[in-house]
Amino acid sequence: MKYLPIIFFMIGFSSSGQSLEGTYLGSLVGDQDIILIEKDKKHYLVTLHTGESTSIISVGTEKFGGLVFEIPMNDGDELVVFAKRKGDMLALEFELEMKKHQVNFSPLIKSSASVTPSSSKEQIDERLVGTWIEKQSFNYDGSLNKELDNSAKNYKVVYTEDGRYILDTRFFRDLARKGGHDFQFSDIPSYYFSTSEEKYLILKVPAINAVEKISYEIRGDSLIIFDKITKTVLIKEK
């Protein structure tokens, strides 16, 4: 797969009894950003919408009575954000250029920017649902493919119950830098998935009307994705 043959070419929680899940409006990256916090089984997904075609998705971790998530920055670093509830508000705390900042987001009951799930008619292999960490990529002769191996990066891939396929945003940033391109979050489209016969993975990018069908296997805690050049092994995050 190698992330949809190079992505068709680049185109969570409780705090003091208060749940952080919900949709919030405020300003972090743009003037009017929307943050959607969802719980998918044991994990929390944080989606930051900064425009009609721009979404930043991160996996959140419960810490210190709040939720910690990262936003990849253009310079190669990650902005670590700590989210917690303050009454009805969602407070985001982070440090930037040696200064501490806090911004508040107000709750929204419903957002027009919410992610559209896959059709209920499409099949989802429940074994895929969750967070997977990419490890080695092998050639079909069994040798390690050093050029495509991302084992040192520990990129994460999330499959959700409603058919979203969420790639680690660091991957897009690193891919753009490797190709000598300027990284923009607007380069990241939305992806969806479904499965067939528990052996074929169908990946879709509606924004460019692209569909890819590839083979996969699940062996214990390992997911193996087979593309034309390599087979990539991912490990289920506990």
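Tell me, what is the FRET efficiency for residue 64 and residue 237 to the nearest 0.05, using R0 = 25 angstrom and their Cβ-Cβ distance as r? Display every interim value, and only then the final one.
Numbers: r = 20 Å, r/R0 = 0.82.
Result of the calculation: an efficiency of 0.75.
Computing FRET efficiency as 1/(1 + (r/R0)^6) for residue 32 and residue 151, where r is the C-beta to C-beta distance and R0 is 41 Å, gives about 0.60. Within the straight-line cut-off of under 14 Å between alpha carbons, the aspartates and glutamates reachable from residue 39 are 21, 62, 161, 162, sequence neighbours fewer than 8 places apart in one chain being disregarded.
What shape does region 122-236 have by the C-alpha gyration tensor, where a ≥ b ≥ c are the square roots of the eigenvalues, rounded means a/c under 1.5, and otherwise prolate means a/b greater than b/c and oblate the rest?
oblate
In straight-distance terms, cross-link reach from residue 213 covers every one of the aspartates and glutamates whose alpha-carbon lies under 17 Å from its own, apart from those fewer than eight places away in the same chain; here that gives 122, 125, 197, 198, 227.
With a Förster radius of 45 Å applied to the C-beta separation of residue 228 and residue 100, the computed FRET efficiency comes to 0.40.
Sorting 95, 147, 134 by solvent-accessible area of protein heavy atoms yields 147, 95, 134, largest first, with a 1.4 Å probe.
Students often check this: by mean Cβ neighbours within 10 Å, which of 205-215, 83-93 ranks highest, and how do the rest follow? Write down the numbers at each step before the final one.
Working: 205-215: 13.1, 83-93: 17.2.
Top to bottom by mean Cβ count within 10 Å: 83-93, 205-215.
The values are calculated or read from the model by the stated rules, or taken from the named source; none is laboratory data. Quick caveat, the model's predicted, so the values are computed rather than measured. Heads up, the Cβs are rebuilt from the backbone with ideal geometry, glycines too, and the neighbour counts pull from every protein chain shown. Just so you know, the surface numbers come from the protein's heavy atoms only, side chains and all, with ligands and any DNA or RNA stripped out. Shrake-Rupley method; radii C 1.70, N 1.55, O 1.52, S 1.80 Å.
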